[in-house]
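J.: Have a look at this one before I ask anything.
Coordinate-derived values only; no laboratory data. Everything numeric in this text was worked out from a predicted model, so none of it was measured. All Cβ positions, even for glycine, are placed from backbone atoms using ideal geometry, and neighbour counts span all protein chains on display.
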Amino acid sequence: MKFNTKTIHGNQQHDPSTGAVMMPIYQTSTYVQSSPGVHKGYEYSRGANPTRTALENALASIENGTHGFAFGSGLAATDSVMKLMNPGDEIIAMDDLYGGSYRMFTRIYQRYGLKFEFVDMTDVSNIEQKITEKTKLIWVETPTNPLMKIADIQAICELAKGKGILVAVDNTFASPYLQNPLDLGADIVMHSATKYLGGHSDVVAGALVVKDEELAEKVHFQLFAGGGILGPQDSYLVLRGIKTLHVRMQRHCENGKKVVEFLQNHPKIGHVYYPGLESHPNHEVAKKQMRDFGGMVSFTFKSGNAEEAKKFLEYVRVFTLAESLGGVESLANHPATMTHASIPADVRAKNGITDDLVRLSVGIEDIDDLLADLENALN
Ligand SMILES: *Cc1c(COP(=O)(O)O)cnc(C)c1O
């Protein structure tokens, strides 16, 4: 089955009890048993719920995995991966990371005895240098948020192979339409389903997908015993979002390219961060592992002036000044004060998240209106 069919039909079945074409929202916590221990596969909704199961099956299908798991948020999904670790274990993570992931690693799990090394994964040798006997996980994010760095997933997986090191990839920015980390050798794919999978900025949700039976059991245990599940209503919304993922992503990519072209030719713009640019330092890797380049674009101002960035963000009208990304509507964000404010200023500066950096989530509106809005706000 091709991807554009999988989003709609992959691992999906009509509701067996009624024939409903869309899986209903099973708003129930518990299930009747005909005799103690005799039931239809569902006992209590923390363990499993039919609406969540339908979503989890769809997630596994679109990421080419065997098991999907739906969490109450992207960070709840990441949290469960961290709980697969033991005190003393070492984790190598990307240096340019979603702010909330960085916050969890440094402010929660460091206290529990996990050790984190943050490295620039655009150069695989930086990872190699940090691998020790205690390394148990490599946490990859590519493209990164907000600097659109690209890490070579396949090369990283080859590095980890045979050493008992899990490779997990935060695939939120690319979405499975553009990139399938499990196919490149990764063990775990993580998504903030709040973003492209949900696609309509109306739900907070997270996902993990794996392709190994033993690992699937461990992840399910984390979900069931840890309790960070996604509710049936939100499961329904993400499942509904996935059904149009491919058409939305196609337009996100088209609009993203045109916005990049516009920004590159604008006299006020400094640097444009976009993996689809031939001038992007990892463009070749991006071309190898991604099918297209998505709708996320970051840029700075030629003046380097943070005030200019602020003014621009106050004047956009079609773009909405808000955190988050991946919805149908275009959003603009100021990483230094919004999404990445949880990263200490010195770490931000070291990583290149300057105060004049703006991140755009290019939506699926008419491109003419988007470009006119950018032009107007820049003027
Ligand atoms: C939003 C986001 C997360 C966190 O997901 P939530 O659903 O907000 O918990 C993690 N990684 C990336 C890349 C994100 O954009």
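J.: Can you work out ³J(HN,Hα) from phi for every residue in segment 142-158, in order, using Karplus 6.51 cos²θ - 1.76 cosθ + 1.60 and θ = phi - 60°, giving whole Hz and x for Gly and Pro?
T.: Per-residue couplings from phi come out as 7, x, 8, 10, x, 8, 6, 6, 10, 10, 7, 4, 4, 5, 5, 5, 5 Hz.
J.: Two decimals, Cα atoms only, Kirkwood Rh: what is Rg/Rh over the chain?
T.: 0.98
J.: Relative contact order (percent) for the chain, with alpha-carbon contacts under 8 angstrom and 6 or more residues of separation?
T.: Here the relative contact order equals 17 percent.
J.: Show which lysines lie in cross-link reach of Lys130 when reach means a straight Cα distance below 23 angstrom and same-chain residues fewer than eight apart are skipped.
T.: Reachable lysines: Lys83, Lys115, Lys149, Lys161, Lys163, Lys350.
J.: Can you give me the long-range amide H partners of Ile229? Hydrogens built in the peptide plane at 1.01 Å from N, cutoff under 5 Å, separation of 5 or more residues or another chain.
T.: Distant-sequence amide H within range of Ile229: Gly72.
J.: A further question follows. What order do you get for Ile25, Ile91 when you list them from fewest to most C-beta neighbours inside 10 Å?
T.: Ile25, Ile91
J.: What ranking do Glu90, Glu278 get, fewest neighbouring Cβ atoms within 10 angstrom at the top?
T.: The most exposed by this proxy come first: Glu278, Glu90.
J.: Right, here's the next one. Please find, in a Gaussian network model of the chain (springs between Cα atoms separated by less than 10 Å), the residue of Ser61, Ser201, Ser29 whose mean-square fluctuation is greatest.
T.: Its mean-square fluctuation being the largest, the pick is Ser29.
J.: A further question on this structure: How many percent of DSSP beta bridges within the chain run antiparallel, rounded to 5?
T.: Around 55 percent antiparallel, to the nearest 5.
J.: While we're here: HN-Hα J couplings of segment 81-94 from phi, Karplus 6.51/-1.76/1.60, θ = phi - 60°, integer Hz, Gly and Pro as x?
T.: Once θ is set to phi - 60°, the couplings for segment 81-94 become 5, 4, 6, 6, 8, 10, x, x, 5, 10, 10, 9, 10, 4 Hz.
J.: Additional query: Quick check on packing: order 33-45, 133-145, 318-330 by the mean number of other C-beta atoms within 10 Å, highest mean leading.
T.: 133-145, 318-330, 33-45
J.: Assuming R0 = 25 Å, can you tell me the calculated FRET efficiency for the pair Ala372 and Asn305, based on Cβ-Cβ distance, to the nearest 0.05?
T.: 0.60
J.: Where a ≥ b ≥ c are the square roots of the eigenvalues of the C-alpha gyration tensor, would you call segment 322-376 rounded, which needs a/c under 1.5, or, failing that, prolate if a/b is larger than b/c, or oblate?
T.: prolate
J.: Which net charge results for the neighbourhood of Met94, defined as the other residues with beta-carbon distances under 9 angstrom from its beta-carbon, given Lys and Arg at +1 and Asp and Glu at -1?
T.: -4
J.: Would you mind working out the magnitude of the charge dipole of the chain relative to its Cα centre, with +1 at each Lys and Arg C-beta and -1 at each Asp and Glu C-beta, to the nearest 20 Debye?
T.: The calculation lands at about 540 debye.
J.: Among Pro267, Pro87, Pro16, which one shows the biggest mean-square fluctuation in a GNM of the chain, springs joining Cα atoms closer than 10 Å?
T.: Greatest mean-square fluctuation among the candidates belongs to Pro16.
J.: Take the chain, connect every pair of alpha-carbon atoms lying under 10 Å apart with a spring to form a Gaussian network, then pick out the residue of Ala20, Ala58, Ala336 with the largest mean-square fluctuation.
T.: Comparing Ala20, Ala58, Ala336 in a Gaussian network model of the chain, the most mobile one is Ala20.
J.: Work out how far the C-alpha atoms of segment 1-61 reach from end to end along every principal axis, then list the three figures in whole Å, largest first.
T.: Sorted largest first, the three principal extents are 43, 22, 18 Å.
J.: Separate question: Considering amide H positions built from the backbone, and no H for Pro or chain starts, which residues 5 or more places from Val167, or on another chain, come under 5 Å of its amide H?
T.: Ile138, Asp187, Ile188
J.: While we're looking at this one, here's another question. Residue by residue through segment 261-273, which ³J(HN,Hα) values in whole Hz follow from phi under the Karplus form 6.51 cos²θ - 1.76 cosθ + 1.60 (θ = phi - 60°), with glycine and proline marked x?
T.: 4, 4, 5, 5, 9, 8, x, 8, 8, x, 9, 10, 9
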